[in-house]
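Notes to accompany the following structure.
Read the figures in this text as sums done on the coordinates, not as results from a lab. Small disclaimer: the values here were computed from a predicted structure and weren't measured. Here the Cβ positions follow ideal geometry from the backbone for every residue, glycine too, while neighbour counts run over all protein chains shown.
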């Protein structure tokens, strides 16, 4: 694959560096909230989100960002971003990019002017709400620059959105057998431990070995 620039987004929490993220997820019992019937997805969601992905669960995940702090990310994915184009999203074996990426939860890259988000294929059957929270983070990375400040903001956004989704959609599965749900619950605990601030998320980001070469700030994220 001829990539102009890979945007490294090592979305593997350091505390979960073991086998939990190597487990292939099976379909959860309630992947979507009740209102997302097949007919609703086909008639209401697909026309809006088909330019972004071919995956039904992505349509639901993006729609679940409505009414949350992730609305900015939803609009960014639809095209209101620095590239001016919709962000393409698909599930993929991230090992294709190299062994060092195989356990990442997601990977973004920029090719020409267009942005792409690849979600680790092991999360294809995770609850749509957990995928929504992940996408709220990923959509904040819109150029080839990254930083500790940017990651801290993105991780905090993900935690906030997960908390909101659990409140809006109480039926959302919190089954920790899902590796992605386990990730989201860990972020939620860090956020709550910091009394709903980025205090402990920031500490986790700064200690993450995947970010050891990042600068402290990047364009748009100058404040720590």
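The convex hull defined by the C-alpha atoms of segment 78-117 has an orientation-averaged projected area of 3.0 nm². Taking 0.36 nm per residue of separation and subtracting the current Cα-Cα distance, fully stretching the chain between residue 38 and residue 145 would add 34.6 nm.
Multiplying the residue separation of residue 114 and residue 85 by 0.36 nm and removing their Cα-Cα distance gives an extension gain of 9.8 nm. Note: segment 154-200, Cα convex hull, 65 Å³ per residue.
A full extension of the chain between residue 196 and residue 168 corresponds to an added length of 8.3 nm, given 0.36 nm per residue minus the alpha carbon distance. Ranked for footprinting exposure by Cβ neighbours inside 10 Å, fewest first, 135, 148 give 148, 135.
Separation of segment 155-224 and segment 47-66, taken as the distance between their Cα centroids, equals 22 angstrom. For segment 80-224, the extents of the C-alpha atoms along the principal axes are 40, 33, 32 Å, listed from largest to smallest.
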